[in-house]
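Following: one structure in structure tokens, then a few remarks.
The values are calculated or read from the model by the stated rules, or taken from the named source; none is laboratory data. The shown structure was predicted, so the numbers you read here are calculated from the model rather than taken from an experiment. Methodologically, a virtual Cβ is constructed for each residue, glycine included, from the backbone with ideal geometry; neighbour enumeration extends over all protein chains shown. These area figures cover heavy atoms from the full protein model, side chains too; ligands, DNA and RNA do not enter into them. Shrake-Rupley method; radii C 1.70, N 1.55, O 1.52, S 1.80 Å.
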Amino acid sequence: MLRRVTRAVVAAAAALALVLGYQLPAAAAYVPVNGAGSTWSENAIRQWASNVQQYGMRIDYAGTGSTDGRNQFASGLTDFGVSEIPYGKDDNAAAEARPKFPFAYMPIVAGGTAFMYNLKIGANKVTNLRLSGDTLAKIFTNVITVWNDPAIKQDNPGLALPARKIVPVVRSDGSGTTAQFTTWLSNQYPSIWNAYCAKAGRKTPCGITSIYPTIPGSATTAQSGSQSVAGYVAQDAGLGAITYVEYSYALYAHFPVAKIRNKSDYYIEPTAQSVAVALLAAKINTNKSSPDYLTQDLRGVYAYGDPRTYPLSSYSYMLLPVDQENTRFKKAKGKTLGDFSYYFLCEGQQQADKLGYSPLPINLVQAGLDQVRRIPGVDAQNVNIKKCNNPTFSTDGTNTLAKKAPQPKACDKVGPTQCTTGTAGATSDTPTTGTKNNNTSKPTSTATRGPNPTASSSSAAAGGAATGGDTGGAIDPDTGQVVGGAGGGGVDSVSAIPVSLSNQLDPTLKLVLIIVACGLLLGLTVGPPLIARMLNRGDRR
């Protein structure tokens, strides 16, 4: 009877697990593994690591920056690394040590390097800023220093921009985000970039760097890590600041990002769909004998003519030990790292959009699964890729997420109109003045922006935002705007950058529900026979 009860309990647990969206793994003892590196992809990695705790896996990850992640992995201090660029691709290539053991690159997630900012017109937040590429380059090279510069005004015909000083916030640590941004700068605006590097004392041509150069005495400030640069911008004292960071950070800080002008003259936000479209033009190294197999060449992305393209889109990579054990990584760890990789390459990609990223396309998922098989000690699995439910997958091999991406609105086109919809995590829109209000909603991402506390007073806010503040107040000497009028307005409170998702079922809750279901089934299965047996004994007496 005990065997029947055990089988019934296991079956019930498995059935409930399937209903809740995942499969119970076979019982196994997992050895903890640790990694370090990219903060660009840290939010995704930490969420995935939290999700697999229910299976007994412990994944310790430190977001220390891509350069440090590569260095620690090469030195044998971590089991895996994460980086946006491979070894030897930035200006420190000659001095960078590569691992002395076999390793491979594996794509883990896609996303957009976004430009999160903190700007107000009067008392009202600007949430629909637009920037052309050359304007963006000049902001981060101290050529454009105030928000009402004619170039920024030309990008934003519907906003009465303030005369506030721009504070570019860059990374002080070795950063893959910096490397991706400077790859774009050096490729698209080399003259602007080289002139800045020369002033900062760097050799020219400057090229790609993981350490952003700064000029003493300029408005530029440097912070370590994605969370720190995002936190600097999001604080009350960060008014006028702008930084580069993965879209996820702005999304969950409830702050907007700038729409960036692409080659088709549309201003586009880095949503999961616009990133998926852009990366159709990425060139992937498919030479399996190359040490840089599966790494990316993004020049085609920058120049891609699809109007839905977000031009600063890219992939992030995990550095894996492969083919044989090394002094640190033994086969006992292979099952943990392998099963974690299987999870995020398949099921984890379903969450990418909600986390502020974009899921991998099918060719890179398949290539990633092949790389996992090379991990020493991995419990190799034949994953049915069709059951991954990745939103990019299709029966004909095309990228469904990119194929279904909507065309941009007319008000996102270069010209006299400007969309009003707030971007990323913004909790309010910014009505414009002197232009048509052509947009009605933000259609391109399923990630939510959070509650809108100003919805009931949107009409009053609209007047302040469009005209540059309320009347009857003093003139702010920094901004040149009227402040302190009857319309009031307040300072928005900002919390730390969160990583969790409110619309996902917590893994611990899932496990509790399974245990409760098992207990109920056990009671229903064992209870009646025990009661009947007790009653029979009573009758005999």
Discussion item. At a 10 angstrom cut-off on C-beta neighbours, averaged per residue, how do the peptides 367-380, 31-44 rank from highest to lowest?
Written reply: 31-44, 367-380
Fill in: Candidate aspartates and glutamates for bridging to K138, where Cα separation is under 13 Å - those fewer than 8 sequence places away on the same chain excluded
D149
Worksheet, complete the sentence: In order over the stretch 53-68: 3J(HN,Hα) from phi, Karplus 6.51/-1.76/1.60, θ = phi - 60°, whole Hz, x for each Gly or Pro, gives 4, 4, 8, x, 8, 10, 10, 9, 10, 10, x, 10, x, 4, 4, 5
Fill in: Length-normalised contact order for the stretch 152-226 - Cα pairs under 8 Å, 6+ apart - percent
42
Practice prompt. Would you work out the relative contact order for the stretch 68-111, in percent, from Cα pairs under 8 angstrom that are 6 or more residues apart?
Written response: 35
Worksheet item: For Q223, which sequence-distant residues (separation of 5 or more, or a different chain) have an amide H within less than 5 Å of its own amide H, given hydrogens modelled in the peptide plane?
Response: V170, R171, S172
Worksheet item: Amide H of A104: which non-local residues (sequence gap of 5 or more, or other chain) have their own amide H closer than 5 Å, using H built in the peptide plane?
Response: L320, V322
Fill in: the stretch 248-299: relative contact order as a whole-number percent, Cα under 8 Å and 6+ apart
19
Discussion item. To the nearest 20 Debye, how big is the dipole of the stretch 70-201 about its Cα centre, given +1 on the beta carbon of each Lys and Arg and -1 on that of each Asp and Glu?
Written reply: 380
Worksheet item: About its Cα centre, how strong a charge dipole does the stretch 233-319 have in debye, to the nearest 20, once Lys and Arg get +1 and Asp and Glu get -1 at the Cβ?
Response: 260
Worksheet item: From the cross-link list K89/K387; K100/K203; K100/K288; K283/K403; K100/K335, which pairs have alpha carbons spaced over 28 Å apart?
Response: K89/K387; K100/K203
Fill in: Zero-based 10 Å bins, Cα pair distances in the stretch 137-290, whole percents
10, 35, 39, 14, 2, 0
Item to complete: List every residue whose amide H lies under 5 Å from the amide H of A62, counting only residues 5 or more places away in sequence or on a different chain, with H placed 1.01 Å from N in the peptide plane.
Response: G35, A36, G37
Worksheet item: Heavy-atom accessible area of K259 with all protein chains present, probe 1.4 Å, nearest 10 Å²?
Response: 20
Worksheet item: lysines within cross-link reach of K409: Cα-Cα under 25 Å, excluding same-chain residues under 8 positions apart?
Response: K120, K125, K153, K259, K263, K354, K436, K442
Fill in: Derived scalar couplings ³J(HN,Hα) [the stretch 258-271; Karplus, 6.51 cos²θ - 1.76 cosθ + 1.60; whole Hz; x for Gly, Pro]
6, 7, 9, 6, 9, 5, 9, 6, 10, 8, 10, 8, x, 7
